1. Cβ-Cβ distance below 6 Å, separation of 6 or more or different chains: which pairs start in the stretch A:101-113 with a residue that is in contact (Cβ under 8 Å) with a residue 60 or more places away in the chain and within 14 Å of A:TYR80 (Cβ to Cβ) and end on one that is aliphatic (A, V, I, L, M) and surrounded by fewer than 24 Cβ atoms within 10 Å (Cβ to Cβ)?
2. What number of residues in the stretch C:250-261 are under 19 Å from the mean Cα position of the chain (by Cα) and surrounded by fewer than 24 Cβ atoms within 10 Å (Cβ to Cβ)?
3. Looking only at the stretch C:95-107, which residues are touching a Leu at 6+ places or on another chain (Cβ under 8 Å) and either acidic (Asp, Glu) or assigned to a helix (DSSP H, G or I) (or both)?
4. If C:HIS163 passes every condition in (1) in a loop (DSSP other than H, G, I, E, B); (2) at the interface with another protein chain (Cβ under 10 Å from one of its Cβ atoms) but one, which one does it miss?
5. Working only within the stretch C:108-128, note down all residues that are closer than 15 Å to C:HIS21 by Cα and assigned to a helix (DSSP H, G or I).
6. Taking D:GLU294 as the residue in question, decide whether it is away from chain B (no Cβ under 12 Å), at positive phi, without any contact (Cβ under 8 Å) to a residue 60 or more places away in the chain and of a type outside the set (A, V, I, L, M, F, W, C).
7. Which strands (runs of 3 or more DSSP E) does the stretch C:13-94 wholly contain that include 2 or more residues that are surrounded by 21 or more Cβ atoms within 10 Å (Cβ to Cβ), at pLDDT 95 or above and β-branched (Val, Ile, Thr)?
8. State yes or no: is B:GLU280 of a type in the set (Asp, Glu), within 14 Å of C:GLU140 (Cα to Cα), surrounded by fewer than 23 Cβ atoms within 10 Å (Cβ to Cβ) and more than 11 Å from chain D (Cβ to nearest Cβ)?
Protein chains: 4
Amino acid sequence: MAAVGKVKVGIIGSGFQADIHAASFQILPEEAEVVAVASPTRGHPEALAKKYGIPGVYHDYREMLKDRDIEMVTINAPNYLHCAMTRDIALAGKHVVCEKPLAMTLEECDEMIDVCRKQGVLLAYAEELFFTPKYLKAKEMADQGAFGRVYLVKQSEKHSGPHAGWFWDVEKSGGGVFMDMGCHGIAFCYWFLGQPKIKSVYCQMGIHAHAGKTKGEDNSICILEFENGAIGLVEDSWAKPGGMDDTAEIYGTGGVSYADLHMGNALPTFSEPGYGYAVEKAPSTQGWTYPVFEEHWNYGLPQELQHFARCVRGKETLRSTGEDGRVVQEALLAGYQSAGTGRKVELPFRPKGVKKPIDLWWNPLP
Amino acid sequence: MAAVGKVKVGIIGSGFQADIHAASFQILPEEAEVVAVASPTRGHPEALAKKYGIPGVYHDYREMLKDRDIEMVTINAPNYLHCAMTRDIALAGKHVVCEKPLAMTLEECDEMIDVCRKQGVLLAYAEELFFTPKYLKAKEMADQGAFGRVYLVKQSEKHSGPHAGWFWDVEKSGGGVFMDMGCHGIAFCYWFLGQPKIKSVYCQMGIHAHAGKTKGEDNSICILEFENGAIGLVEDSWAKPGGMDDTAEIYGTGGVSYADLHMGNALPTFSEPGYGYAVEKAPSTQGWTYPVFEEHWNYGLPQELQHFARCVRGKETLRSTGEDGRVVQEALLAGYQSAGTGRKVELPFRPKGVKKPIDLWWNPLP
Amino acid sequence: MAAVGKVKVGIIGSGFQADIHAASFQILPEEAEVVAVASPTRGHPEALAKKYGIPGVYHDYREMLKDRDIEMVTINAPNYLHCAMTRDIALAGKHVVCEKPLAMTLEECDEMIDVCRKQGVLLAYAEELFFTPKYLKAKEMADQGAFGRVYLVKQSEKHSGPHAGWFWDVEKSGGGVFMDMGCHGIAFCYWFLGQPKIKSVYCQMGIHAHAGKTKGEDNSICILEFENGAIGLVEDSWAKPGGMDDTAEIYGTGGVSYADLHMGNALPTFSEPGYGYAVEKAPSTQGWTYPVFEEHWNYGLPQELQHFARCVRGKETLRSTGEDGRVVQEALLAGYQSAGTGRKVELPFRPKGVKKPIDLWWNPLP
Amino acid sequence: MAAVGKVKVGIIGSGFQADIHAASFQILPEEAEVVAVASPTRGHPEALAKKYGIPGVYHDYREMLKDRDIEMVTINAPNYLHCAMTRDIALAGKHVVCEKPLAMTLEECDEMIDVCRKQGVLLAYAEELFFTPKYLKAKEMADQGAFGRVYLVKQSEKHSGPHAGWFWDVEKSGGGVFMDMGCHGIAFCYWFLGQPKIKSVYCQMGIHAHAGKTKGEDNSICILEFENGAIGLVEDSWAKPGGMDDTAEIYGTGGVSYADLHMGNALPTFSEPGYGYAVEKAPSTQGWTYPVFEEHWNYGLPQELQHFARCVRGKETLRSTGEDGRVVQEALLAGYQSAGTGRKVELPFRPKGVKKPIDLWWNPLP
């Protein structure tokens, strides 16, 4: 494993998110190259490998970890596997990029952070919103004082439901849309405000459109109170028709800004015949649509993964760490507890023995 | 008092809201005419009377109530006076139009409703959002099934703070922005969804920009749960720079709609020299602005007041009643109690002996 | 014919535009009432009369003109009939409201103006853009100096083609989209700039989508040069899919403004099931749509017709006259001549013996 | 000069555009590196070199051309110097990237194309709109049939006037805004439609805001007719207050699309204190602004220059050639001739002995 040249990357997973990783490394090829992909379903990693010209294919990621050239492994797997995979990767001496949310429990988060620290490998938490160009511009403006004192940050992500089947199975995901996308909004508010401590979490959640399909909540509204007096409002939905929505709003005593990644970047378009692709989760390309361009880039995905590769080479310092993921995890747990009790939950909130976050919605701690 | 011809109207108040009433009756003059204005501050009612050609001027509204020709009186006065004025008007045998919120307490609401019922006069609750053309279109679409089952309704009103001084004095207003504009959002969600019972209220509030000026909250976020499973999300602020904001969003299992009364109706404009008027609370007309046109009309104010006049003539049935105002009042009280406890408050919530709603934020009931 | 009370109106026509007139008089009922409708097609005027509660029905408008109570008649008929109808109405001593464009030729315009002047009746030119609330706001701002010196005014109207069959028959319409809607844009620029003389007209036109259906142009781009140095850019199309479009843009040395009557006022909406009505010419209410609210009002149609009624009563002075229509007519003729020669046409341009404007495109004068 | 590794680039110029080139090569550093900058004004190239870490500094570009390592030279110099510089670069055996417009005359264009062909070097025409991500998406959709047959393409670029002084001197620039930015719109329509022959050009131009500063037109409207029946409408202005504007619109028989690079990608923002940077030519960052993010990227500038470097390495085929620049040049000349005569100019139009395009506006050929 030579610490020069492009960082050699192995990808765990072959679904929607793994494809995004492979595509992202191709968009910014200077710092890293994907050399292997591992996924248990026969045919799937082969297809991804073919699509992106990836030489190595494995059906067991533990086999892939034996490849001495691989320096960094990205985890695109159900949440309940994150911890074990991270441990295996770290013990193999490779850097870890773990998709959000970090894990199922705080105990797992701690273990992941510990094992990586002990093994001297990076634990990168794949929160792409820290790299989203439009959001970065908003933060840059905030840091320049554009809004005076920021007292409210809103972030929202909404669509009609996830691609992969395991998201709908709370045993594998740990929860519904709040677990899946609420983690983005929590991380965003925390990051945007400069990482002040989270004081309390309140969360309202329900199953409105997909009761037949999942026990996970498909809509959530979460209010965060931060130590510095600012408020975060995080809205997420798997029950929103009409295509993907990802927005942020910043309110300060001296200004406001509205950042809309989709309708706000798109080409308003009417098409009778339709065309190739509009935007994630768009039900059609006929009629009026809001096609986006350079979708991965405008989320910041290639930039995020390039950053992680540069961190491996010591060129940059990790901007999204396992510790950040742990902060988010605590807020997620507090959110489910809050939804279960109808009460704002004060942090620190470190419940013991919780198997999966959504259990706290159904059976909150006393 | 002849029940034919135009309804003769008396206006209580001579400030910002009274001016809107006078202007609105002029925009739609067919059903009603303002014949008198009453306001204690010498010079103020005279100025309003001159501006709108109103013949009668009083400094004590009780004097005005002696005018036998007046059939309907509109109250544009601090919240703590609503109940007493309503009683006086009703006892004078005249119909009442009361600005929002209906009163300070549920006891007052009950008294207002009772006295009007006994006197056989209308108690119209001046919720103009029931008459806002863009919002009416959204509701019409919802009622046609455009969105499938609506599970989330959002309404938000934000600006930099109210015109009249009494709003900042919680003894006169009963509370801050949640009392002032939260009542709009609560009414809107309730109305839009077809008046289902409100099951619970959660509210987060704080003083972010105006701590030196008021003890009232200047920012609030309120989550309503309705009996039919739908959610309301009501956001209000007196701490939003850049001009007035009034928006609603509708989310259903089959569709979504976004209604923006200001930026969404405006003429995006850049002006170096500036010009007459852009929009309520806009700090300037220079640089980029979002001027609106026919502001009163697009809120539905003339339509609302004309409707009330037509109800007086029996041509229409009241679409915004004292009872509606009472529903809102209960949710307001529950919101303050919730902000004070950090807990969702289940309705019915009928606290006894509360002097003003904001007391529940500071000293919630056990 | 008593010059008191509401102005009694007769409508000629029973199609799309006649319906708009009937609806508009109902929206603002204070000044006028429709008492009769005349249209030759059996069943059509009956249907309109039923829909709007109009007492009088005629199949020959000349019969309707015998009704002594009628004071004002609105013409919603093919362009080639405007002149004869105006003459008949004026000779019957009634005021004329003529839909745009005024006529087929300048000779007809002159005759219409003359006969009305001699008979002492008003000849109102139904250009609703002079009454469109959003456009009025832009003009008000311009007149307040918001844009410094205005050097460019753009107006555009685009949709997929007209409702009534006669528009497609150039013998009855005199031309295609430039005749149908270019007249709006020409009038708009002229009015917005304060009625400076038109110095020259250049026009590019073609048949792009409807060659099988009409000999009239279905797309036109027209550049006007005004005496004061300002430029008008007028774009019109019958070949624009996706629903109606009506926009104006103002460019001055000190500012700019963008006014969009449809997408710019609408509620961006996604609907799987669809709903009642989105906007004129919208092909569907499913998927993403831009529904508008109070469509007639936002065009200014009720306001326009109310104004005409008030002019009949002497309460206001005509803001859109036969002379204005004649100015537009000359520019229309110059536009067709220009399209035929590929040259800018200097005004005055008063060709003799032209039967219909579009003839100049096919056979321009030397 | 080794044809391996990164392409070594020399930049001529040290102003606004040269800075963009230097910045763009840094954004996508994989294929090329800037090794030298040449500009006559003492201090200027030094400053650029310092800002971007460029090792070589020259005050005479001919000295820079002696550097054997340099393989590609980009010209950011007044238009009247393009031809001589291209000749010198080509004769030095280096590839040429020439900023738009290609030259002053068709004779110069021919000479530039010839000398590069003879020397076996690339003549890349720096039309970045061929690389603009949002415009590429529109073209991709068009090529997929989204709009049916495209019959109208619009492109517009407007701001308050250029940075560098020479643009205002028509002896150095050859003309005003039509020369400066009309070339973008002409190239865009031509490219978007798949490079059909241009049949005719009509152009209206005037000096509306900057008569005291330049003899060049500061506003132009240009209509292109293409051989395939489609129309191009190109609008440009140096007289538009409020910041940069760059938009395209596509109209087809089956659909429409609107692409707005600035307001349409921006974060609508209100700021009392202001902040670092909003967008090119924005007069302020206070009040309402439309800040953009990744401005160079969203124009496609890094992508364009990377493409040119890849062409030098034979990895891609030139997508914007000297021949394309020549097509645009002919249309520019035709446009000025048209503005001078008030007539549509049919192509081919190859006037002899024209010193600079704007001469044809003042003294058109007979």
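1. Within 6 Å, the pairs are A:THR105/A:VAL354.
2. 1
3. C:LEU106 - this is the single residue of the stretch C:95-107 that is touching a Leu at 6+ places or on another chain (Cβ under 8 Å) and either acidic (Asp, Glu) or assigned to a helix (DSSP H, G or I) (or both).
4. Against the list (1) in a loop (DSSP other than H, G, I, E, B); (2) at the interface with another protein chain (Cβ under 10 Å from one of its Cβ atoms), C:HIS163 comes up short only on (2).
5. Listed by number, the list holds a single entry, C:GLU128.
6. Here the answer is yes, as D:GLU294 does meet what is asked.
7. Filter on the stretch C:13-94 gives C:32-38, C:72-75.
8. Judged against the criteria, B:GLU280 is not a match.
The values are calculated or read from the model by the stated rules, or taken from the named source; none is laboratory data. In this text the structure is predicted, and so the values were computed from the model without any measurement. A quick note on method: Cβ atoms are made from the backbone with ideal geometry, for glycine too, and the neighbour counts reach across all protein chains shown.
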